[in-house]
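The values are calculated or read from the model by the stated rules, or taken from the named source; none is laboratory data. For clarity, every value in this text was computed on a predicted model and none was experimentally measured. Virtual Cβ from ideal backbone geometry, glycine too; neighbours counted across all protein chains shown. When the accessible area is computed, the model is the full protein with side chains, heavy atoms only, and any ligands, DNA or RNA have been set aside. Shrake-Rupley method; radii C 1.70, N 1.55, O 1.52, S 1.80 Å.
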Amino acid sequence: MDKQNIMPDTIANLEQVKQKNSANIYKVIEQYKPISRVEIAKISNLAPASVTKITRQLMESGLITEVELQVSTGGRRAISLAPNSDNINIIAIKLGQNLLSIAHYNLSGDKGLNKQITIPKKESCEMLTDFLIGEIAKFITQPTLINEKISAISLTISGLVNPKQGVVISTPTYPFDHFPLANEIEKAFNIPTFIGNHTRCLALAENYFGATKHCQDSILISVHHGVGSGVIIDNKVLLGKNCNIGEIGHIQANPLGKACYCGNIGCLETEVSDTAILNKVKEAISAGKKSAIESDNLNINAIYLAAANGDQLCQSITEQAANYLGKSIAILVNLLNPEKIILAGKIITAGDIFFDTVKAYIKSQTLPDFNNKLEVIGSELSSDITIAAFALIKQAIYEGNLLQRIKV
Ligand SMILES: [Zn+2]
């Protein structure tokens, strides 16, 4: 028999139970605020003594607060509890292809100061990390933030990430190679730091606050410089042992397509990303194809707008992209049977021509029982670039590992 089964790591298990119970109580308080300890015990199915102990710890670290006195029917007074979210500050960051976005939120989700900075070319990940740390330092020492305690920092990035270890495995844009980015930031500021893949964190954000809030299983597909997805099953983002599930960008869409940096030919990413679409329209116009958009005003927003307004060239290229995407999404639907598909990225501004094509493909290539109930809709949150990183902090709170580390 496995040694681990005979002698379980009792201390680690107890710690996990403690974290889980704290997180459950915090979630109950957040959902039912203001709520008495008696009610918390009823809803969470925990013993009143445990509730008293855990809520005392949560109060000591400043995560919850006593808010008011309720007069019960018997005339006895019960003290209610509520999250102290407005007073907990976090910094949410998106490290984009050329742009660094930094924002301040409180834990209630109110966004405060935010800033976007163009990223100058950096030769090494150490140089990029120094730049990043320098910009975070400037941001948190601004007059409105300098006196605030920052409880956590989170950062999202495109590419392969191990959020459990805080490591960037690789990205198409930057020279990270299994680089402990979260640890470097945490060391610089002595603030708990989390990192995650941007698309998977956006899927999580939609699940907490957006289009999939009341839905258990969903898949978000994001089309930007690349193509990625985030799979939510049972209200949790799928990560697995290797931490990266949903890299649909390297599914082959066109065997006769262009070479991808991954070594494959005609990947979804080389066929339908914003860059691919922009290049296809440029090439078609250079080859003499007619379009209403001026060749000196060629950008991705103009292309999708022209497609929405009936420009034939832009429509046919967008439609082809939607075909490729629809085919890959159909595979995901057959595999995972989600309740909703969320599409994110500028491509959704092409409107019906895009959505109708994707939906038609899904309908023709998936089980009727799956597609009859499936909703295919646009992202509600992708315009807020840092909301994905904010969701990562919420996840850390709900899973308990940040709850233990916050001191307000
Ligand atoms: Zn590829």
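Per DSSP helix of 4 or more residues, -39500 (n - 2.57); summed, then divided by the residues of the chain. What does that give at 222 nm, rounded to the nearest 500?
It comes out at -13000 deg cm²/dmol, rounded to the nearest 500.
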Q. In the full protein assembly as shown, how much of Ser61 is accessible to a 1.4 Å probe, in Å² to the nearest 10?
A. 10
**Q.** Only Lys, Arg (+1) and Asp, Glu (-1) charged, at Cβ; the range 226-325 dipole about Cα centre in debye
**A.** 180
(Q) Taking 8 Å as the Cα distance limit and 6 or more residues as the minimum spacing, I'd like the relative contact order of the range 128-270 as a percentage. (A) 16
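Taking R0 as 25 Å, what FRET efficiency do you get between Lys241 and Glu126 from their Cβ-Cβ distance, rounded to the nearest 0.05?
Efficiency, from the Cβ-Cβ distance: 0.30.
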**Q.** For Glu339, distant residues with modelled amide H under 5 Å away
**A.** Asp217, Ser218
Q: Pull out a ≥ b ≥ c, the square roots of the eigenvalues of the alpha-carbon gyration tensor of the range 73-152, then state rounded if a/c is under 1.5, prolate if not and a/b is larger than b/c, and oblate in the remaining case.
A: prolate
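Tell me, what is the per residue accessible area of the range 11-115 in Å², probe radius 1.4 Å?
For the range 11-115, the solvent-accessible area averages 54 Å² per residue.
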**Q.** Inter-probe distance in nm under a simple model that places probes 7 Å from Cα toward Cβ, at Asn279 and Asn87
**A.** 5.4
**Q.** Fraction of accessible area attributable to carbon and sulfur, the chain (%, probe 1.4 Å)
**A.** 51
Q. For Ile117 and Ile331, FRET efficiency with R0 = 35 Å and r from the beta-carbon atoms, rounded to 0.05?
A. 0.35
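Would you please put 292-299, 236-243, 341-348 in order of how densely packed they are, using the mean number of other Cβ atoms within 10 angstrom per residue and starting with the highest?
Final packing ranking: 341-348, 236-243, 292-299.
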Q: Report Met127's accessible area, 1.4 Å probe, all protein chains in place, as a number in Å² to the nearest 10.
A: 80
(Q) Suppose all protein chains stay in the model; what accessible area per residue would a 1.4 Å probe give for the range 215-378, in Å²? (A) 47
(Q) Multiplying the sequence separation of Glu339 and Lys373 by 0.36 nm and subtracting their Cα-Cα distance, what value in nm do you get? (A) 11.6 nm
Q. Between Lys138 and Thr349, what FRET efficiency follows from the Cβ-Cβ distance if R0 is 35 Å, with the result rounded to 0.05?
A. 0.60
(Q) Please report the accessible area of Asp86 (heavy atoms, 1.4 Å probe, ligands and nucleic acids excluded) in Å², nearest 10. (A) 100
Q.
Starting from 0.36 nm per residue, how many nanometres of slack lie between Val17 and Ala259 once their C-alpha separation is accounted for?
A. 82.2 nm
Q) Points 7 angstrom from Cα along the Cβ direction at Ile43 and Gln312: gap in nanometres? A) 6.0
Q: Go through the range 15-25 residue by residue and turn each phi into a ³J(HN,Hα) via Karplus (6.51, -1.76, 1.60, θ = phi - 60°); whole Hz please, and just put x for glycine and proline.
A: 4, 5, 4, 4, 4, 5, 5, 4, 5, 4, 5
Q: Using 0.36 nm per residue of separation minus the Cα-Cα distance, give me the extension gain between Asp9 and Lys407 in nm, one decimal.
A: 140.5 nm
Q.
If I take every Cα pair under 8 Å that is 6 or more residues apart in the chain, average their sequence separation and divide by the length, what percent do I get for the relative contact order?
A. 16
